[in-house]
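J.: Below you'll find the structure I mean.
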Amino acid sequence: MIRFEEVTKVYRGTARPALNGVSLEILSGEFVFLVGASGSGKSTFLRLVLKEEKPTSGSIHVLGQDLGAISSRKVPYFRRNLGVVFQDFRLLPNKTVFANVAFTLQVIGKSKGFIHEAVPDALRTVGLEGKEGRFPHELSGGEQQRVAIARALVNKPAIMLADEPTGNLDPATSAGIMTLLERINANGTTVIMATHDAGIVDRLQRRVIEVIGGRIVRDERGGGYQTQANPILSQNFGMPGSGAPAGATTVGSSTAGEPR
Amino acid sequence: MRLGLVLSEVGQGLRRNLSMVVSVVLVTFISLTFVGAAMLLQMQITEMKSYWFDRAQVAVYLCTEFATIGGCEQQAATPEQIAQVEAQLESATLAPFIDTYYFETQEEAYANFQDQFAGTAAAELVSPEFLPPAFWVDLVDVDQSQILVDALGGLAGVESIEDERAYLDGVFDMLNASSITAVGIAALMLVAAVLLIATTIRLSAFSRRRELGIMRLVGASNRFIQTPFILEGVVAALIGSALAGVAIIAIVEFFVQGYLTEALPLTSLVGLDEALLVAPVLLVAGALLAAVSANVAITRYLRV
């Protein structure tokens, strides 16, 4: 589904790579948490999957396609297979809930008939039926995020990328969003979620990929937010070129590439 | 692609950016009016050239009692000298180059002069003896007037040989200069128009960056994203070029046909036909210009 091979990304004008020699594989139907400090490379990872950025070296395969081989004209068509949710919702303030979700389908040229079936369906999935005519500013944060999820979901993507979707929400609302994401995952959509929310990660016990300083330091199934309690170790990983000390992490115990 | 959606986006963009759109309209209007004026001037020059060059003659002026230049010594050309010039014109060397010629006596020259300058002070001052008799020569090839100058220049009784085209060249040089000036101004204004269109489109894209970001995220095709912006530029430019077309037609109708034809009754001037030819060219030029610059401006937002 998603395969990274020795992927390194160095942004122009910076010496330190945002991602440094990352290899991993995420299988169809997995629910993956991407954890790590701000600036550790989580967002870069998501941007690379979306082909918003090109890797400096290494190759990325998503949904059986080599991203390096997709021409920029074909990128939009590739993205139709992905749904994306952000911390700040990114709704259009002048459009109603219905119009926000329908916008996705309109701009990829779906017919009116299709839109009028798919949008209420997506809104029902996220639990927002009856609020189609509201505007984003009339909704709570949790409801706004549900609209964003409905928008990501409405085109039935194979992969859902979520960049700290609960970052702006209180714990109770976050729990509701997570229940929703779990249900989406249960329906067969691969979910990759970058997060800082230790409580959520610990509770769900899914695959956890921890990134520090652009390197994967842990890839653990059924893991929690933080298995390495040693802050000095984290600092070492944060230093460029420090490399991973042998046996310091649970990398060896990971079962990357193997279905759950 | 859904036409209604694209058009409503275009309408929104135009309304949101109204002041910029108005400036685009004005700049394209002015610049294309200059382009149109330059085109009309060129057409005028071509028309006058074909009209006048066909009629341009070479005048072989003969001596009068008052002439001191050329082969004259304040003596009017004698009938023998006139006959000699005529013999030269008929000779085997010159005849092949000459289409027709005729002799104009002083009285005929006076009558023509009175016709041409009727009612002016000059007509009252001039008397027949001041006007030289002349041979008016139509050449087979209007470019070969130098042959006549070489052959007849030294003859006794010949005052001077003048190619009427020399006067016309001056007029055409002037018209050419003004048309080049118009083209120059038009070029500068067009550069301004292109930059302004690009800026307007960037502004429009910036004000819609949320929508653009989401469109790119959910996989709207580049063409779908581009089209409203390009159309926005094209619509603004089309309004400007339509105004320019109307201005050109109005100039021809009211200034050239209404005023200049009366002021210059002997000149054939450009008419509505030419103006109606220029106007669509301006429309197409305006639309193309806008499409290209808007396309370049928006491409930046589509880079992956």
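The values are calculated or read from the model by the stated rules, or taken from the named source; none is laboratory data. Computed from a prediction, not measured in an experiment: that's the story for all the values here. Cβ coordinates were reconstructed from backbone atoms using ideal geometry, including for glycine residues, and neighbour counts include every protein chain displayed. Side chains included, ligands, DNA and RNA excluded: accessible areas come from the protein's heavy atoms. Shrake-Rupley method; radii C 1.70, N 1.55, O 1.52, S 1.80 Å.
J.: Consider segment A:55-90. How many of its residues are of a type in the set (D, E, K, R) and in contact (Cβ under 8 Å) with a residue 40 or more places away in the chain?
T.: 3
J.: Hey, residue B:154 hits all of (1) in a helix (DSSP H, G or I); (2) open to solvent by 30 Å² or more (accessible area, probe 1.4 Å); (3) of a type in the set (Gly, Ala, Ser) but one; which does it fall short on?
T.: (1)
J.: Looking at (1) surrounded by fewer than 16 Cβ atoms within 10 Å (Cβ to Cβ); (2) within 14 Å of chain B (Cβ to nearest Cβ); (3) assigned to a strand (DSSP E or B), which is the one condition that is false for residue A:161?
T.: So residue A:161 meets the others, but not (1).
J.: Kindly provide the set of residues from segment B:203-247 that are among the acidic types (Asp, Glu) and without any contact (Cβ under 8 Å) to a residue 24 or more places away in the chain, ordered by number.
T.: B:211
J.: Can you name every one of the helices (runs of 4 or more DSSP H) wholly within segment B:1-90 that holds 1 or more residues which are assigned by TED's automatic domain parsing to the domain that holds residue B:229? Full working, then the answer.
T.: Working: elements: B:3-16, B:18-55, B:79-90.
Filter on segment B:1-90 gives B:3-16, B:18-55.
J.: So, one more: Among (1) without any contact (Cβ under 8 Å) to a residue 12 or more places away in the chain; (2) outside any loop (DSSP other than H, G, I, E, B); (3) of a type in the set (D, E, K, R), there is one condition residue A:25 misses while meeting the rest; what is its number?
T.: Unmet for residue A:25, out of (1) without any contact (Cβ under 8 Å) to a residue 12 or more places away in the chain; (2) outside any loop (DSSP other than H, G, I, E, B); (3) of a type in the set (D, E, K, R): (1).
J.: Same structure, new question: Might you let me know whether segment B:12-28 holds any residue that is charged (D, E, K, R) and within 14 Å of chain A (Cβ to nearest Cβ)?
T.: yes
J.: If residue B:159 satisfies every condition in (1) surrounded by 14 or more Cβ atoms within 10 Å (Cβ to Cβ); (2) free of Cβ contacts under 8 Å to residues at least 24 places away in the same chain; (3) of a type in the set (D, E, K, R) but one, which is the exception?
T.: Of the numbered conditions (1) surrounded by 14 or more Cβ atoms within 10 Å (Cβ to Cβ); (2) free of Cβ contacts under 8 Å to residues at least 24 places away in the same chain; (3) of a type in the set (D, E, K, R), the odd one out for residue B:159 is (2).
J.: Something else now. Out of (1) polar (S, T, N, Q); (2) open to solvent by 60 Å² or more (accessible area, probe 1.4 Å); (3) within 12 Å of chain B (Cβ to nearest Cβ), what's the single condition that is false for residue A:56?
T.: All conditions are met except number (3).
J.: Ok, one more. With A:101, A:84, A:49 as the choices, which residue is away from every other protein chain (no Cβ under 11 Å) and farther than 21 Å from residue B:227 by Cα? Explain how you work it out, then say what you get.
T.: Details: A:101 fails: away from every other protein chain (no Cβ under 11 Å); A:84 fails: away from every other protein chain (no Cβ under 11 Å).
From the options A:101, A:84, A:49, the qualifying one is A:49.
J.: Looking at segment B:254-287, which of its residues are free of Cβ contacts under 8 Å to residues at least 40 places away in the same chain and among the polar types (S, T, N, Q)?
T.: B:257, B:261
J.: What residue, among those in segment A:122-138 that are under 21 Å from residue A:187 (Cβ atoms) and touching a residue at least 12 places away in the same chain (Cβ under 8 Å), is nearest to the other protein chains (Cβ to nearest Cβ)? Even if it seems obvious, please write down each step before you answer.
T.: First, pick out the residues of segment A:122-138 that are under 21 Å from residue A:187 (Cβ atoms): A:122-129.
From the residues that got through so far, the ones that are touching a residue at least 12 places away in the same chain (Cβ under 8 Å) too are A:122-123, A:125-128.
On the way: A:122: 13, A:123: 16, A:125: 17, A:126: 16, A:127: 21, A:128: 18 Å.
Looking at residues that are under 21 Å from residue A:187 (Cβ atoms) and touching a residue at least 12 places away in the same chain (Cβ under 8 Å), I get A:122.
J.: Give the residues of segment A:11-31 that are open to solvent by less than 50 Å² (accessible area, probe 1.4 Å) and of a type in the set (Val, Ile, Thr), sorted by residue number.
T.: Taking segment A:11-31 as the starting set, the residues that turn out to be open to solvent by less than 50 Å² (accessible area, probe 1.4 Å) are A:17-22, A:24, A:26-27, A:29-31.
If the condition is that a residue be open to solvent by less than 50 Å² (accessible area, probe 1.4 Å) and of a type in the set (Val, Ile, Thr), then A:22, A:26 are the ones that fit.
J.: Can you find, within segment B:255-299, the residue that is most open to solvent (accessible area, probe 1.4 Å) among those that are β-branched (Val, Ile, Thr) and within 17 Å of the chain's Cα centre (by Cα)?
T.: Among them, the one singled out is B:281.
For every residue, the table says whether it meets (1) polar (S, T, N, Q); (2) under 26 Å from residue A:3 (Cα atoms); (3) assigned to a loop (DSSP other than H, G, I, E, B).
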{"residue": "A:147", "(1), (2), (3)": "no, no, no"}
{"residue": "A:152", "(1), (2), (3)": "no, yes, no"}
{"residue": "A:167", "(1), (2), (3)": "no, no, yes"}
{"residue": "A:174", "(1), (2), (3)": "yes, no, no"}
{"residue": "A:181", "(1), (2), (3)": "no, yes, no"}
{"residue": "A:194", "(1), (2), (3)": "no, yes, no"}
{"residue": "A:201", "(1), (2), (3)": "no, yes, no"}
{"residue": "A:211", "(1), (2), (3)": "no, yes, no"}
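J.: Which members of segment B:106-135 meet the condition of being exposed (fewer than 15 other Cβ atoms within 10 Å of the Cβ) and closer than 19 Å to residue B:158 by Cα? Explain how you work it out, then say what you get.
T.: Narrowing segment B:106-135 to residues exposed (fewer than 15 other Cβ atoms within 10 Å of the Cβ): B:107, B:111-112, B:115-125, B:127, B:129.
B:107, B:129, listed by residue number.
J.: For residues in segment B:213-252 being among the small types (Gly, Ala, Ser) and within 14 Å of chain A (Cβ to nearest Cβ), which is most open to solvent (accessible area, probe 1.4 Å)?
T.: B:213
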